[in-house]
Every structure is written in structure tokens, then in C-alpha cells.
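Beneath this line is the structure, given in C-alpha cells, with notes to follow.
The values are calculated or read from the model by the stated rules, or taken from the named source; none is laboratory data. Keep in mind the model is a prediction, meaning the values are calculated, not measured. For neighbour counting, all protein chains shown are included, and Cβ atoms are generated from backbone atoms with ideal geometry for every residue, glycine included. Remember, those area values only see protein heavy atoms, side chains included, never the ligands or the DNA or RNA. Shrake-Rupley method; radii C 1.70, N 1.55, O 1.52, S 1.80 Å.
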Amino acid sequence: MLKRFFWLAIATVVLVWNLGNNSAMALELDAETRTVTLNEQGETVTLSLEQATRGKRLFGDICAQCHPVGLTKTNPNVNLSSESLALATPRRDNVEALVDYMKNPTTFDGEFDISELHPATSSADIFPEMRNLTDDDLFNIAGHILIQPKLRGTQWGGGKVYN
């Protein structure tokens with residue numbers, strides 16, 4: 001009986017702590033933080049709290065194993081920092097470009113298709129985690145990637161120095 005009560009108390013504390021942390025995270029994401037570049041023309045879009053939260057979850061579930069804190073495990077020279085995304089060809093520093101990349105990835109210089117190496121909706125037969133992602137999901141993931149430099153600064157994609 002005492003053992004069961006102990007585990008119930010532990011579960012309650014963990015649940016309350018997680019709820020408190022999620023609320024605090026949501027409060028940190030004001031409209032300015034959630035506003036990111038939409039396209040090459042420089043238009044912006046403000047993600048809702050729900051979109052930002054979903055993007056964070058999806059990135060964590062699908063992308064973070066190869067891109068922890070914006071790094072790229074398979075190629076440390078390329079990361080998800082604002083600077084790297086802007087230097088890619090085509091530029092990938094806006095929502096539409098990132099969504100396009102998640103559908104049809106290319107090398108950093110844009111020369112070669114890498115959909116057999118990088119998860120993409122176009123290669124969902126190879127990467128099953130991409131099968132059920134909708135365009136809205138891709139939009140939310142892209143938004144999450146673009147919000148992170150505002151929250152983490154140079155620690156997002158900043159290299160081994162910060163890990």
C-alpha cells in the first residue's frame with residue numbers, strides 16, 4: 001500500500017512539474033518570437049502557440065536525432081543556424097524554403113538531390129517517419145527551426161562548443 005502511494009506521489013509531482021514547464025515555455029513565446037520569415041520576398045508569418053508547440057514536438061520526434069540543438073550529426077560543417085540556412089543554395093532561411101527542402105532535399109549547394117540520404121516526404125518509402133507528415137506539419141517544423149535562434153542564440157547550431 002505504501003509503495004503504491006509512493007509511486008502515485010512521484011507520478012503526480014512529475015506531471016505537475018511538466019505542466020508547469022510547458023506553460024512557462026508557452027509564455028516565453030510571445031508573438032514577436034513566433035514571427036518568422038515566410039518566403040524569399042521577406043514576408044513574415046506569426047505561428048500560433050499551438051503551431052510552435054507542435055513544431056517543437058515533431059522536430060523532437062523526427063529531426064532531433066540527427067539535428068540535436070540545430071547541429072547536423074552527419075555533417076558538422078552544415079547546421080540549422082540562421083547563417084547556414086541563409087548561405088545554402090537556394091536559401092533555406094524561410095518557412096517556404098524549409099518546407100520545400102523537407103519535401104525534396106538537395107545538397108548545400110543545391111546541385112544534387114539527396115532524398116535517398118535525408119528524410120523527405122518524397123522518399124517516405126525509405127524514411128517511414130515522413131509518411132504521415134502533412135504540409136501543416138512541415139510548416140510547423142520549419143517554424144520551430146526558425147524560432148530557435150531567437151530562443152537559443154548561437155547555441156542553436158553553434159557547434160560542439162555549446163554541447
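So if I place +1 on the C-beta of Lys and Arg and -1 on the C-beta of Asp and Glu, and nothing else carries charge, what would the dipole magnitude of the stretch 61-163 be about its Cα centre? I want it in debye, nearest 20.
Charge dipole, the stretch 61-163, about its Cα centre: 520 debye, nearest 20.
At 1.4 Å probe size, put PHE139, PHE59, PHE108 in order of accessible surface, largest to smallest.
Greatest to least solvent exposure: PHE108, PHE139, PHE59.
Can you give me the long-range amide H partners of THR106? Hydrogens built in the peptide plane at 1.01 Å from N, cutoff under 5 Å, separation of 5 or more residues or another chain.
So THR106 has HN proximity to ILE114.
How much length would be gained if the chain were fully extended between LYS3 and LEU117, taking 0.36 nm per residue of separation minus their Cα-Cα distance, in nm to one decimal?
Extra length available between LYS3 and LEU117 comes to 36.2 nm.
List the residues of the stretch 61-86 whose backbone N lies under 18 Å from a point placed 7 Å from the Cα of LEU151 along the Cα-to-Cβ direction.
Taking a point 7 Å out along Cα→Cβ of LEU151, the residues of the stretch 61-86 whose backbone N falls under 18 Å are 61-72, 80-83.
For the stretch 68-84, take each phi angle, set θ = phi - 60°, evaluate the Karplus expression 6.51 cos²θ - 1.76 cosθ + 1.60, and give the result in whole Hz per residue in order, putting x for glycine and proline.
Whole-Hz 3J(HN,Hα) from phi for the stretch 68-84: x, 6, x, 7, 10, 4, 6, 8, x, 6, 10, 9, 9, 5, 4, 5, 5.
Using the charge dipole of the stretch 35-115 (Lys, Arg: +1 at Cβ; Asp, Glu: -1 at Cβ; taken about the Cα centre), state which of LEU98, ALA88, CYS63 has its Cα farthest towards the positive end.
Checking the options against the dipole of the stretch 35-115, the answer is CYS63.
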